[in-house]
Every structure is written in C-alpha cells, then in structure tokens.
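The structure appears right after this line, and notes come after that.
The values are calculated or read from the model by the stated rules, or taken from the named source; none is laboratory data. Nothing here was measured: the structure is a model prediction, and the numbers come from that model. Every residue, glycine as well, gets a Cβ built from its backbone with ideal geometry; the counts of neighbours run over all protein chains shown.
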Amino acid sequence: MHLTTYLNDIVVWAPAKVNLFLEVLGKRPDGYHDIATLMVAIRLYDTVILRKTDDLTLTCSDQSLTVGPDNLVLRAAKLLQERTGCRLGASIRLIKRIPMAAGLAGGSTDAAATLAGLNQLWGLKLSNAELASMAGEIGSDIPFFFHTPAAWCTGRGEIVAPAKLPIPLDFVLLCPSFGISTPAVYKQITLPAQPIMGEAIRAAVSKGDVDSIAKLLHNQLEDAAAIVEPRIGDFAKMLADTKPAGSLMSGSGSTLFALCRSREDATCIAAELAPQMKAHKFRVIITRTE
Ligand code: C5P
C-alpha cells in the first residue's frame, strides 16, 4: 500500500490481490481451514482518506456497503484504539473501486490501509510487524498487505512470508456482477487426498517464468465456488477460451483472472471478452502486479 499526505489528510492507496495458488490443507478445530496460498498485489486500488477529528466516523463512495461497526475499516480502527489506548479520532472516507465479495480482498486491504494510515495520523509508531499481527485478528487476508507485492501465506492465511517477484505479471480480470460468500465456499470444500505443497509454483514465480507459473496455477476453492454459484464454471470456460497463458479463480471468487504473456496479450484478451460483457453482466479489468 502507498501512503501520501495531502494538506490535513493521509491518503492510502489500498491494492487488491489475486491468488496464483491456493491449497486447502485441512479443517481446524477453530472452524477455519489451514491453507497455503501465493498472493500477489495488483494495480487496482481502493482509496482510504483519513483526517484527525474527535470521534471515529466512516463514509463510503458505495452506498451498498454498510458503514456500521461491522465494517472491517471501523473494526481495524477500534482495535488500534483499544490496543494502544489512543483516544484520538478520525474521519475516514473510503473510495471503493475493488469489486466486493469478489475474491480480491477489497475489505481486507481497506482494513490494512486503515491500520497503516491511522498509525501515521495518530503518531503511534507501531512497526509493520505489530500492525500485521493486529491485522490477523480481524481477518485472515489482512496481514498480507503489509508484505506486498508477493507473499506465501499459511495458517489461516495470516502467516506471511514475503516472496520474490522479479518481473511484473499481466492479468485480465473477469469480475461477474454477483459476489460469493467466503464461508459458503469453505462449507462446500472437498479436502484433497494429497494436497499440493506449492514448491513448483513458488520456484516459477521467483524466476519470473510466466509459462511455468501458468501451468502451475491452482485453486482448491474453485470447484467449491462452482457449487455455490454454478455460473463460475461458465465464466471460467469463457476466459480459458481466449487462450491466455493460464486462467484461474481468485480466492473464494467470484473474480476469474487470465495470466497473460504481456500487456499486449492482456489487451487482446480483454478486447475478445468485451462483446460478451453486456449480455453476461461482467466487468473486464486489465491490470498487473504492483
Ligand atoms: O478470516 P476471514 O474473516 O476473512 O474469513 C472469513 C470466513 O472464511 C471464515 O469465517 C471461515 O468460514 C472461512 N475461512 C476458512 N479458512 C480460512 C479462511 C477463511 O474456513 N483459512
């Protein structure tokens, strides 16, 4: 994420992510699943704008998002106040661009941006490691955003080891008009008899070998998501038919992404999808890793 100061405001650019690999290793006693996932941050951003005030308030550009105490942004801010004893307030403005319930961690990145932004606004001087550890208490995907652009994440997803990403990766995102609930997808999961441990794709990413990464893309949640929302299978086929280097669903869906050989390849794939966008109600976004 990127922080800038503008007059009285701290402006945080909060990136989305996609998962190049996600294996489910087993169910845990706490109801979560142990996973192993390779996440990369992409150049698609929400913006979180923070200004010092007496109380804590949140407004959002998207009226469909609730701005009550359940919102991850407010939960992050409250947790930071509790843990540090800080009594300062903030008005928080959230500009949404990342599709919601889309497997792109939009809510998680907003929470991470809030922790980082308030740390600066309130002069708390917490380290990234301290913020990331707090982040893991509110959501499994949030700590990753303190270790962008690429990381190998285990446990619930909250144990983060930064990974090398020597070249930018180009993507086309196909974002359906519907979102998918993450808990609903995990409920449908079939645990793999022999989980893939992901060494091969980690090696391919560290070498920047796009063709090998493409062959090794894997998401154990994709079949489960297709049970919850059968249209996922149709969109996955539509994207594969454009013949990218590889394609996959991100996180628990609903976004599918094409991994492309170059920016030009991405432009061609997006153009091929464009005529079908209106009829099938999806958005197409050309993007690349941060
Ligand atoms: O951690 P987070 O709040 O984002 O998780 C949302 C839900 O997704 C959890 O309540 C759980 O049902 C499911 N989940 C899981 N295993 C994970 C991550 C999420 O079962 N590793």
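Quick look at the values:
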quantity: Odd one out for Ser177, checked against (1) among the small types (Gly, Ala, Ser); (2) crowded, with 17+ Cβ neighbours inside 10 Å; (3) away from the ligand (no atom under 14 Å from the Cβ); calculated: (2)
quantity: Unmet criterion (only one of (1) within 29 Å of His33 (Cβ to Cβ); (2) part of a loop (DSSP other than H, G, I, E, B)) for Thr109; calculated: (2)
quantity: Residues of the stretch 247-290 satisfying the condition of being in contact (Cβ under 8 Å) with a residue 40 or more places away in the chain, in a helix (DSSP H, G or I) and either in contact with a helix residue (DSSP H, G or I) (Cβ under 8 Å, 6 or more places away or on another chain) or among the β-branched types (Val, Ile, Thr) (or both); calculated: Ile269, Leu273, His280
quantity: Hits in the stretch 254-290 (condition: touching an Asp or Glu at 6+ places or on another chain (Cβ under 7 Å), of a type in the set (Lys, Arg) and closer than 30 Å to Pro183 by Cα); calculated: Arg288
quantity: Pairs, first without any contact (Cβ under 8 Å) to a residue 40 or more places away in the chain in the stretch 25-53, second more than 10 Å from the ligand (Cβ to nearest atom), C-beta under 9 Å, six or more apart; calculated: Thr53/Leu88; Thr53/Gly89; Thr53/Ala90; Thr53/Ser91
quantity: Cβ-Cβ under 7 Å pairs, at least 6 apart or on other chains, the stretch 195-219 side closer than 10 Å to Ala245 by Cβ and of a type in the set (Val, Ile, Thr), far side part of a helix (DSSP H, G or I) and at pLDDT 95 or above; calculated: Ile213/Ile201; Ile213/Ala204; Ile213/Val205
quantity: Residues satisfying the stated conditions in the stretch 116-149, i.e. crowded, with 18+ Cβ neighbours inside 10 Å, within 15 Å of the ligand (Cβ to nearest atom) and not in a loop (DSSP other than H, G, I, E, B); calculated: Ala132, Met134, Ala135, Gly136, Ile138, Pro143, Phe144, Phe145
quantity: Leu94 assigned to a helix (DSSP H, G or I), over 16 Å from the mean Cα position of the chain (by Cα) and either surrounded by fewer than 21 Cβ atoms within 10 Å (Cβ to Cβ) or without any contact (Cβ under 8 Å) to a residue 60 or more places away in the chain (or both); calculated: no
quantity: Residue under evaluation Thr242, criteria (1) over 23 Å from Asp34 (Cα atoms); (2) part of a helix (DSSP H, G or I); (3) of a type in the set (Val, Ile, Thr), criterion not met; calculated: (2)
quantity: Test: residue in the stretch 210-223 that is within 16 Å of the ligand (Cβ to nearest atom), exposed (fewer than 14 other Cβ atoms within 10 Å of the Cβ) and not acidic (Asp, Glu); calculated: no
quantity: Residue within the stretch 44-64 that is part of a strand (DSSP E or B), under 23 Å from Ala102 (Cα atoms) and basic (Lys, Arg) present; calculated: no
quantity: Counted residues, the stretch 235-251 - those being among the hydrophobic types (A, V, I, L, M, F, W, C) and buried (at least 22 other Cβ atoms within 10 Å of the Cβ); calculated: 4
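Here's the yes/no breakdown for (1) in contact with a Phe, Trp or Tyr (Cβ under 8 Å, 6 or more places away or on another chain); (2) within 22 Å of Ile42 (Cα to Cα):
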| site | (1), (2) |
| --- | --- |
| Leu169 | no, yes |
| Met197 | no, no |
| Lys215 | no, yes |
| Ala224 | yes, no |
| Lys237 | no, no |
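This table checks each residue for (1) modelled with pLDDT of 95 or more; (2) farther than 23 Å from Ala102 by Cα; (3) more than 20 Å from the chain's Cα centre (by Cα).
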position	(1), (2), (3)
Arg202	yes, yes, no
Asp234	yes, no, yes
Pro244	yes, no, yes
Leu259	yes, no, no
Ile269	yes, no, yes
